[in-house]
Amino acid sequence: MKKATQIAIFSCAVLLVGAVAVAKSVPYWFAPLMDNPPQVDITDPELIAKGQYYARVADCVACHTAPGGKAFAGGLGMQTPLGAIYSTNITPDPETGIGNYSYADFERAVRRGIRPDNVALYPAMPFVSYMIAKDDEIEAMYAYFMSAVLPVKQDNQVATIPWPANMRWPLAWWQLIFAQPREFEENPSLTAQQNHGAYLVEGLAHCGACHTPRGIGFQEKSLSNNDSEQFLAGSVLEGWYAKSLRNEGVGLAIWSEEELVEFLRTGRTHHTAAFGSMSEVVEKSTQYFTDTDLHAIASYLMSLPPRKGYAANWQPTEDTTTAKLRSGNITEPGEIIYVQECAACHRMDGKGAPRVFPALAGNSIVFAEDPSSLIQVTMAGGKMADTKHDMMAFTMPGFYHLSNQDLADVLNFIRNGWGNHGSEISTRDIARMRRVVDHAPTHYVPHENVNVPQFSSIVGGASHE
Amino acid sequence: MNKPIIAVAAIAVIAVAGWTWNESRYYDAPERPALNVVDIDGNIVGEYRAPLARDMLAEENAESIILGMRLLNETARLLPDNVGDGLNCNSCHMAQGKRPLGAPYINTINDYPKFMPRAQDVLNIQERINGCFRRSMNGVPLDESSVEMQAMVDYMDWLRGDVEKGNRVSIQNMEYFKVGQFTPDPVRGEQIYVQQCASCHGGNGEGMKDQFGDFIFPPLWGDESFNLGAGMARISRAAPFVLHNMPLGVSLDAPLGQITLSKQDAVDVSAYFTVKPRPDFPDKIHDWPGVPKPPDFRAH
């Protein structure tokens, strides 16, 4: 080998060793355990109750519970481009869960993303958002987890990401670059109520984890509207497009504050319904929010100005579709497929049935900038949030069996029907989503921990699967 | 250049090419499963797949098939002179008459004319459809030679595909329940109704209407519901229908997200809604002429 090559290889090796060494040291100086941890009275019922509320606002249960598994026992698989990672057991079981966590351990894991063994967590755990949570909120959650969550013995699953990508030390570098400590900053031009909304949205409620576009390092491009208008501008995760929540044409411009509150509380309005991961968010988290918190969030979202270059409003075109379908002037493949496969529920006027089947006419997810959610909900189906506000939660069947051409035709039809207007969906877009659906992550629930529902409704199965 | 560098570069190129190829592979829907076509002795003589919706447009008599499809879907709106209640044919014939256990039309054309116990006679398809108009639709018969009647027949004929007369598609049909083999509990039935049906059919069985006043979900009792002469007014027919088809929109299963209830649930809830007040069918006295009437015959 030439001398130059030898030197090159040698310097690379030195750099690598250096990088690993620095990374290994990061948790100790960048995010150390807190100095004088407060004494948290984990038996205080009031504190526990508060902790339950904050844990719901933070939606810990959604990620830390696998479908069909025990609450907080982990095992939920999350797809990354390189493989699946699994959430962990955060029940107070001392061996497999967080039973041995001190308050300082808990605070550091939740706000700084470092495990007690000084290893950095994947940013799938939204510690970057939780970082701005107040001390009393973290303390209350600690009391709740230690005292009110049922311990479950369930081992954690190892990520399926292959070596060398599964090494964790680079995560420490990620934290150095993207997870600098920060505090919530009030925006003086907002009302107190809106600032409270901003605090929740940026922090515990972590709306940006799904709704803010991510950069090359998988970091949220913006953590607050004070930094950049990319905040809550829309993002795709596991093939679901969590659309822009800004007050702009492709965002929430057609929504009213009241509708937003109703949506977050019940998972539906008269013309739309939450599906995909948003359905989970409502079912496990936002349905429990207090009115004060819900109105604060809604009012704050309504205050977010449109991005530069984006229209502030959305105008429907004239609806010629209803009359065409009702008069039987059916000439296009998309129309006939709609009548045969979809109209029984979504109807000729595209208005569905209030609180049962969502409307497609004027539904912002149908004409969203990015059609991922539209394609996936049609292909894989979706289940509404099951909340205490409605007797039944309805489900959209999956139309995976329809060909790419059929799906493209019917989706282009609804995307441009009833006054909707959106970009063209190609059969390639459908093919790509089929791939995402085929590769949905599997979850881990050990046999003995399959969750048997505690009450059995007299007619098992339908609304509570 | 020396060998290691070339090797590394080659590996990198292959890896990138392989990844790109894998990413761009074109996935389409799996081949649709087929049902067997059997002859009169039960021998398998072919395969059946429902014709594709898009292919309807290319049929020679497309206009008539489409009209038929619409009439079956929107009977009450399109034939107000013949329909006396808020139902459509496809309120009961699920998913465009294509669904197993959902009263499919797939074999209908090949099955008729057929002996009907209720009439103690052989009925042709037009007579059979008119039976529905008088009972399930609480209305008056349609002219057998009308464009509309022909259109409905044409739709069913299209659905048959190329299955020849004498053969049948082995699609599952619901089995009627036998009165006496179960003990209905209408009180429990009411609870089930409130939990599982009322969201769509209304607390008083009144159904749900759209902005035009057309029914989205059909009324299950009252003046705008099917009459006493309808099969659905008999628990032996209502219960298996409910068992396999209701509620809908509650599972991920295409076409309509239906589930299978338990038999007892289906019987109990049917015992609750079938006996609610509904229009009379005076001609019921002519049903089952000369033979004993079935135990769930609805005199009132």
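Looking only at residues that are among the aliphatic types (A, V, I, L, M) and within 12 Å of chain A (Cβ to nearest Cβ) in region B:148-206, which one is surrounded by the fewest Cβ atoms within 10 Å (Cβ to Cβ)? Taking the candidates together, the pick is B:Val187. I'd like the full set of residues that are under 16 Å from the mean Cα position of the chain (by Cα) and in a helix (DSSP H, G or I), limited to region B:48-76. The answer is B:Gly68, B:Met69, B:Arg70, B:Leu71, B:Leu72, B:Asn73, B:Thr75. Every test in (1) in contact (Cβ under 8 Å) with a residue 24 or more places away in the chain; (2) away from chain B (no Cβ under 14 Å); (3) open to solvent by less than 50 Å² (accessible area, probe 1.4 Å) is passed by A:Glu259 save one, and that test is (1). Within the span defined as region A:357-366, every residue fails to be facing chain B (nearest Cβ under 9 Å), modelled with pLDDT of 95 or more, in a loop (DSSP other than H, G, I, E, B) and surrounded by 21 or more Cβ atoms within 10 Å (Cβ to Cβ). Residues in region B:260-276 that are buried (at least 20 other Cβ atoms within 10 Å of the Cβ), part of a loop (DSSP other than H, G, I, E, B) and at the interface with another protein chain (Cβ under 9 Å from one of its Cβ atoms): B:Leu261 alone.
The helices (runs of 4 or more DSSP H) falling completely within region B:77-158 that include 1 or more residues that are at pLDDT 95 or above and within 22 Å of B:Gly222 (Cβ to Cβ) map to B:89-92, B:125-134. Residues in region A:430-452 that are open to solvent by 40 Å² or more (accessible area, probe 1.4 Å) and outside any loop (DSSP other than H, G, I, E, B): A:Arg432, A:Val436, A:Asp438, A:His447, A:Glu448.
When A:Gly381, A:Gly350 are checked against the criterion of being closer than 14 Å to B:Asp210 by Cβ and either within 12 Å of another protein chain (Cβ to nearest Cβ) or open to solvent by less than 20 Å² (accessible area, probe 1.4 Å) (or both), A:Gly350 stands alone in meeting it.
For region A:390-408, does any single residue satisfy the condition of being more than 9 Å from chain B (Cβ to nearest Cβ), at pLDDT below 95 and at negative phi? Quick ask: steps written out before the conclusion?
Kept after step one, since they are more than 9 Å from chain B (Cβ to nearest Cβ), are these residues of region A:390-408: A:408.
The next check asks that each one be at pLDDT below 95; those that pass are none.
Within region A:390-408 (the criterion being more than 9 Å from chain B (Cβ to nearest Cβ), at pLDDT below 95 and at negative phi), the answer is no, since none of the residues qualifies.
Of the residues making up region A:44-67, not a single one is touching a strand residue (DSSP E or B) at 6+ places or on another chain (Cβ under 6 Å), assigned to a loop (DSSP other than H, G, I, E, B), open to solvent by 40 Å² or more (accessible area, probe 1.4 Å) and at pLDDT 95 or above. Within the option set B:Pro117, B:Pro51, B:Pro80, being without any contact (Cβ under 8 Å) to a residue 24 or more places away in the chain, over 24 Å from B:Gly249 (Cβ atoms) and surrounded by fewer than 18 Cβ atoms within 10 Å (Cβ to Cβ) holds for one residue only, B:Pro80.
I'd like the residue in region A:285-319 that is out of contact with any Leu (no Cβ under 7 Å at 6 or more places or on another chain), over 13 Å from A:Val250 (Cα atoms) and among the charged types (D, E, K, R) and, out of all such residues, is most open to solvent (accessible area, probe 1.4 Å). The qualifying residue most open to solvent (accessible area, probe 1.4 Å) is A:Glu318. Taking region B:18-46 as the range and being more than 25 Å from A:Asp406 (Cβ to Cβ) and in a strand (DSSP E or B) as the test, the residues that pass are B:Val38, B:Ile44, B:Val45.
The values are calculated or read from the model by the stated rules, or taken from the named source; none is laboratory data. Since the model is a prediction, treat every value here as computed from it, not as a measurement. Neighbour counts are summed over all protein chains in view; Cβ atoms, including those assigned to glycine, are modelled from backbone coordinates with ideal geometry. Keep in mind that these areas ignore ligands, DNA and RNA; they rest on the heavy atoms of the full protein, side chains included. Shrake-Rupley method; radii C 1.70, N 1.55, O 1.52, S 1.80 Å.
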